[in-house]
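Engineer: My questions will all concern the structure given below.
No value in this document is a laboratory result; all are computed from the given coordinates. Keep in mind it's a predicted model, so treat the numbers as computed, not measured. Don't worry about glycine lacking a Cβ; one is built from the backbone with ideal geometry, like all the others, and counts go over all protein chains shown.
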Amino acid sequence: MNQTKHSVLITGSSGLIGSEAVIFFEQRGWQVQGVDNNMRRDFFGPDGDTSQRLAYLKASTRHFVSHALDIRNRQAICDLISQSPPNLLIHCAAQPSHDLAKDRPFDDFEVNAVGTLNLLEATRHYCPESPFIFMSTNKVYGDVPNEKPLVELETRYDYAEPADYEGIDETCRVDACLHSLFGASKLSADIIVQEYGRYFQMPTVCFRGGCLTGSHHAGAELHGFLAYLARAVHEERTYRIYGYQGKQVRDNIHAFDVCTAFLAFYNHPRIAAVYNLGGSRMNSVSMLEAITRFEALIGKTLQTEYIEQPRRGDHICYISNLHRFKSDYPNWEISRSLDDIFIELAKGVKYNN
């Protein structure tokens with residue numbers, strides 16, 4: 001049997017990105033520890049339940065150990081990291097919903113901000129040289145991207161100025177704007193991750209994700225754009241469109257490509273790095289375009305309900321500019337096209353393969 005050479009601790013290990021990272025690193029010979037207490041079911045009900053995904057991970061891996069811990073439990077996190085200091089820490093656990101945060105503000109902030117601080121402090125004490133990867137979000141920019149001049153096209157909004165063609169970069173400001181409470185809690189975590197990097201000279205990175213997706217996403221109405229849309233078409237659910245005539249645009253990146261970015265950073269870590277990480281223009285799609293594509297692939301017509309009022313602080317057009325990350329990691333590239341993603345999701349959200 002091959003000896004494992006590296007160890008990684010992954011929070012949110014039963015979720016979309018976390019579980020993809022479990023498989024990705026385990027297949028490469030890493031010893032993997034996961035932290036996940038299935039709070040996604042608490043947040044989103046049965047649609048968000050990740051227990052089947054955990055069962056699959058346990059059955060299909062040899063070097064994976066799962067811990068049903070709450071990242072808000074400071075002592076439990078400290079004990080885990082002190083007993084088994086990892087070579088790499090990937091922090092994916094979160095309350096991820098823009099909308100749910102307003103109804104559960106304490107849970108949102110304590111999971112997203114305080115939980116992140118618990119992990120950082122334990123890492124500082126027991127494995128400060130291990131890269132700390134934080135899955136942040138483009139919601140840290142609040143509604144500032146909406147200040148960009150836009151043009152309304154037949155099926156989508158797009159940037160009006162040629163200078164904005166590649167999308168939003170990391171120079172976009174993060175203050176003096178409306179974030180949603182979710183955006184504010186994630187920004188708090190984003191800043192503290194950067195601060196631990198600079199103040200303590202720790203290798204940390206904030207990946208400000210666009211829409212993260214893949215067929216193992218437990219998509220729910222309040223979180224998981226493409227996965228939930230595919231589910232709605234399959235199950236003939238009524239899908240609610242909130243404002244902008246359904247022409248709002250997102251870029252989408254497959255969970256596998258997120259994991260290759262993780263490995264690239266681990267191999268060449270930096271202090272207090274910040275990168276936008278999404279599908280870029282090549283993987284951008286509007287809600288209307290996504291509905292049309294899924295209807296064609298699945299062979300069913302989606303029933304929709306249009307809500308005139310947009311979600312507060314929501315982006316009208318968001319495309320991740322990847323220039324900074326690609327400049328620092330020129331060997332990394334997106335391997336899953338938008339059409340690959342649509343075809344995968346159209347086959348049905350699944351946990352057992």
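Engineer: What length, rounded to one decimal in nm, is gained on full extension from residue 305 through to residue 126, with 0.36 nm per residue of separation minus their alpha-carbon distance?
Structural biologist: Between residue 305 and residue 126, full extension yields 59.3 nm more.
Engineer: Using the Karplus curve 6.51 cos²θ - 1.76 cosθ + 1.60 with θ = phi - 60°, what ³J(HN,Hα) values do you get for each residue of the stretch 173-190, in whole Hz, with x for Gly and Pro?
Structural biologist: 5, 10, 10, 6, 7, 9, 9, 6, 5, 4, x, 5, 5, 6, 5, 4, 5, 4
Engineer: To continue, here is another question. Which of the listed residues, 25, 318, 242, is farthest toward the dipole's positive end in the stretch 7-346, when Lys, Arg count +1 and Asp, Glu count -1 at the beta-carbon?
Structural biologist: Comparing the listed Cα positions along the dipole, 25 ranks first.
Engineer: List, in order, the whole-Hz ³J(HN,Hα) value for each residue of the stretch 259-271 obtained from phi through the Karplus relation with A = 6.51, B = -1.76, C = 1.60 and θ = phi - 60°; use x for Gly and Pro.
Structural biologist: 5, 5, 5, 4, 5, 4, 5, 4, 5, 9, x, 10, 8
Engineer: Could you give the size of the charge dipole of the stretch 95-212 about its Cα centre, using +1 on the Cβ of each K and R and -1 on the Cβ of each D and E, expressed in debye and rounded to the nearest 20?
Structural biologist: In debye, rounded to 20, the stretch 95-212 gives about 420.
Engineer: Using modelled backbone amide H atoms (1.01 Å from N, in-plane), which distant-in-sequence or interchain residues come within less than 5 Å of residue 34's amide H?
Structural biologist: Distant-sequence amide H within range of residue 34: 10, 65, 66, 67.
Engineer: By per-residue mean of other Cβ atoms within 10 Å, what is the highest-first order of 36-42, 53-59?
Structural biologist: Top to bottom by mean Cβ count within 10 Å: 36-42, 53-59.
Engineer: So between residue 166 and residue 198, what do we pick up on full extension, going 0.36 nm a residue minus the alpha carbon distance?
Structural biologist: Separation in residues times 0.36 nm, less the Cα-Cα distance, equals 8.6 nm.
Engineer: Amide H to amide H, which residues 5 or more places from residue 160 or on other chains are under 5 Å from it, using H placed in the peptide plane?
Structural biologist: 150, 151
Engineer: Let me ask you something else. Taking H placed 1.01 Å from N in the peptide plane, check which residues at least 5 places from residue 7 or on another chain put their amide H under 5 Å from its amide H.
Structural biologist: Amide H neighbours of residue 7: 31, 87, 88.
Engineer: Determine the dipole magnitude for the stretch 116-185: charges of +1 sit on the beta-carbon of Lys and Arg, -1 on that of Asp and Glu, nothing else is charged, the reference point is the Cα centre, and the result goes in debye to the nearest 20.
Structural biologist: Here the size comes out at about 400 debye.
Engineer: Assigning unit charges at the beta carbon (Lys, Arg +1; Asp, Glu -1) and nothing else, what dipole magnitude in debye, to the nearest 20, does the chain show about its Cα centre?
Structural biologist: 820
Engineer: Please give, to one decimal in nm, the separation of the simple spin-label points placed at residue 270 and residue 67, each 7 Å out from Cα toward the Cβ.
Structural biologist: 3.0
Engineer: Output ³J(HN,Hα) for the stretch 33-43: one whole-Hz value per residue in order, computed from phi by the Karplus curve 6.51 cos²θ - 1.76 cosθ + 1.60 with θ = phi - 60°, and x for Gly and Pro.
Structural biologist: 3J(HN,Hα) across the stretch 33-43, in whole Hz: 10, x, 10, 6, 10, 6, 5, 4, 5, 4, 6.
Engineer: Report, in deg cm²/dmol and to the nearest 500, the calculated mean residue ellipticity at 222 nm for the chain, where each DSSP H run with n ≥ 4 adds -39500 (n - 2.57) and the sum is divided by the residue count.
Structural biologist: It lands at -10500 deg cm²/dmol.
Engineer: Same structure again: If contacts are Cα pairs under 8 angstrom and at least 6 residues apart, what is the relative contact order of the chain in percent?
Structural biologist: In percent, rounded to a whole number, it is 19.
Engineer: Could you tell me which of 105, 61, 133 has its Cα farthest along the dipole of the stretch 56-133 towards the positive end, charges placed at Cβ (Lys, Arg +1; Asp, Glu -1), taken about the Cα centre?
Structural biologist: The residue sitting most towards the positive pole is 61.
Engineer: Residue 339 versus residue 235, label points 7 Å from Cα toward the beta carbon: distance in nm?
Structural biologist: So the label points at residue 339 and residue 235 sit 3.0 nm apart.
Engineer: Among 206, 287, 307, whose Cα projects farthest towards the positive end of the dipole of the chain, with charges put on the beta-carbon of Lys, Arg (+1) and Asp, Glu (-1)?
Structural biologist: 206
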